[in-house]
Ligand SMILES: Nc1ncnc2c1ncn2[C@@H]1O[C@H](COP(=O)(O)OP(=O)(O)O)[C@@H](O)[C@H]1O
Ligand SMILES: [Mg+2]
């Protein structure tokens, strides 16, 4: 605060003699101007103090001359004039001494100088000059110089009272400034707190908005995933129905010829056996002919031409291979028939845990050497379904699990209820599937197995059956770790599957 003043002019300083008061104001101005420099801690450079000391010397000369002239003019008692002159000389000498000291040392104690000036101001202006003024007033009021001199109060009470009042004024001023400062401080503090609160609020809002955006993003992601899945399922079921019709036709066309080829092959096998027996009988008779009989050579030649020994070996092999081949064709036709639901079966209520067990028995031969079966089955309500088809599904899943295990592993069977649905999970520790394979496993004829081992129809049949039951099938798999197939079926028969 650059305009802060050490002393302020107050009524306590006034003597009532204008000429004197004007000079006193000048002294106070001088002190106020020098106060900031003098109140710095430590010594003050002589150079800096010099102008002040010069002004003080000027002030003393002018002021004292004027005051002493006034005293003479008012006819003040000479005892007092002498005393007062002595005080003036004291001030002048003190200022001169300080000037010398400043010149000698190159500096001066700022605090000392300030203290000197203030005490001078207090005692001279507040005490002595007030006494001068009081004598002026007494003489003007008709008293003699002697009377006026003797009437002045020599105790220090007046001075001390004046000083105390001046100090109280100063204190009030300081208090007021302090209060202003405190208020300003409080306002600053409040403003800071408000700023902080606004800041925090802003941060919280940004965080909240970020969270909301993240949620929205997740929701969008989930939605787009669902759309993708739905699309895939649509595509899948479209493929299914096209393939289903095709399969139904092909299965029907192949089923009849396969039937008679199988039965003919059975008859042929019997006939060949009879022929072989017949040939054996002829051979026995030939052996009984004399060694030089001419028919022997003819018959030998005929046997050689026919490669009878080779035929004997090869015909049974050929027949067996043909039989195997036919069985394979029959199995594929059977799968195709399942796939196209040539045999639909009846809807009935079953405990799927039991179906799981009986299907496991059917495929036990494929599994028993490779996998330990772990059962974690929950109790299930009776489920309304086409049991023959569900068995087909369970069989496909179990056989696949068995195939996936190359040397040894485990197959875990789990089941449970979830609201209005039951679920069955078949988990294997087999070789697992890559994401690319997982994407295609429900396609008809998609297989990664060697020719003859897989038809690639198992899972597409499964998909179709599950679809007709209003259920779903979920896959989870990791190459090298195994796969999990989870089947979910509604307990009640879905309305869409009911005949109109
Ligand atoms: N549990 C499983 N573990 C690893 N791969 C599997 C499993 N189940 C199915 N697969 C894969 O899905 C393909 C298709 O299965 P599927 O439709 O039953 O036909 P197939 O068994 O005749 O190959 C299989 O060839 C195999 O690659
Ligand atoms: Mg299969």
**Asked** Pick from 405, 411, 374: which is touching a helix residue (DSSP H, G or I) at 6+ places or on another chain (Cβ under 6 Å) and within 16 Å of ligand 1 (Cβ to nearest atom)?
**Response** 411
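Would you check if residue 393 is away from ligand 2 (no atom under 13 Å from the Cβ) and either buried (at least 20 other Cβ atoms within 10 Å of the Cβ) or outside any helix (DSSP H, G or I) (or both)?
no
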**Prompt:** Does the range 71-91 include one or more residues that are farther than 23 Å from residue 14 by Cα and outside any helix (DSSP H, G or I)?
**Reply:** no
**Request:** Select, from 471, 416, the only residue that is away from ligand 2 (no atom under 16 Å from the Cβ), in the same structural domain as residue 371 (by TED's automatic domain parsing) and free of Cβ contacts under 8 Å to residues at least 40 places away in the same chain.
**Result:** 416
**Message:** Considering only the range 431-442, I want to know if a residue exists there that is out of contact with any helix residue (DSSP H, G or I) (no Cβ under 8 Å at 6 or more places or on another chain) and away from ligand 1 (no atom under 11 Å from the Cβ).
**Reply:** yes
**Asked** Name the pairs: first residue in the range 393-412 and closer than 13 Å to residue 369 by Cβ, second residue near ligand 2 (Cβ under 10 Å from one of its atoms) and part of a helix (DSSP H, G or I), Cβ to Cβ under 7 Å, at least 6 apart or on different chains?
**Response** 411/401
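Condition check: in the same structural domain as residue 49 (by TED's automatic domain parsing), modelled with pLDDT under 80 and surrounded by 18 or more Cβ atoms within 10 Å (Cβ to Cβ). Does residue 88 satisfy that?
Values: in the same structural domain as residue 49 (by TED's automatic domain parsing): yes; modelled with pLDDT under 80: no; surrounded by 18 or more Cβ atoms within 10 Å (Cβ to Cβ): yes.
No, not satisfied.
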**Message:** Quick test of your reading of the structure: residue 421 fulfils all but one of (1) closer than 28 Å to residue 325 by Cα; (2) touching a residue at least 60 places away in the same chain (Cβ under 8 Å). Name the failing condition by number.
**Reply:** (1)
**Prompt:** Do we have any residue at all in the range 465-488 that's within 13 Å of ligand 1 (Cβ to nearest atom), at positive phi and in contact with a helix residue (DSSP H, G or I) (Cβ under 8 Å, 6 or more places away or on another chain)?
**Reply:** yes
**Prompt:** Residues of the range 455-465 being in a helix (DSSP H, G or I) and either modelled with pLDDT of 95 or more or within 13 Å of ligand 2 (Cβ to nearest atom) (or both), which ones?
**Reply:** 458, 459, 460, 461, 462, 463
**Request:** Name every residue in the range 423-454 that is surrounded by fewer than 20 Cβ atoms within 10 Å (Cβ to Cβ) and within 11 Å of ligand 2 (Cβ to nearest atom), in order of residue number.
**Result:** 446, 447, 448, 449, 453, 454
**Fill in**
Of (1) more than 34 Å from the chain's Cα centre (by Cα); (2) away from ligand 2 (no atom under 13 Å from the Cβ); (3) in a loop (DSSP other than H, G, I, E, B), residue 480 satisfies every one except (1)
**Fill in**
Filtering the range 30-73 down to residues that are exposed (fewer than 13 other Cβ atoms within 10 Å of the Cβ) and under 14 Å from residue 92 (Cα atoms) yields 54, 58, 61, 62, 65
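The values are calculated or read from the model by the stated rules, or taken from the named source; none is laboratory data. Treat the numbers as computed from the prediction; the structure is a model and nothing was measured. Cβ atoms come from the backbone with ideal geometry, glycine included; neighbour counts cover every protein chain shown.
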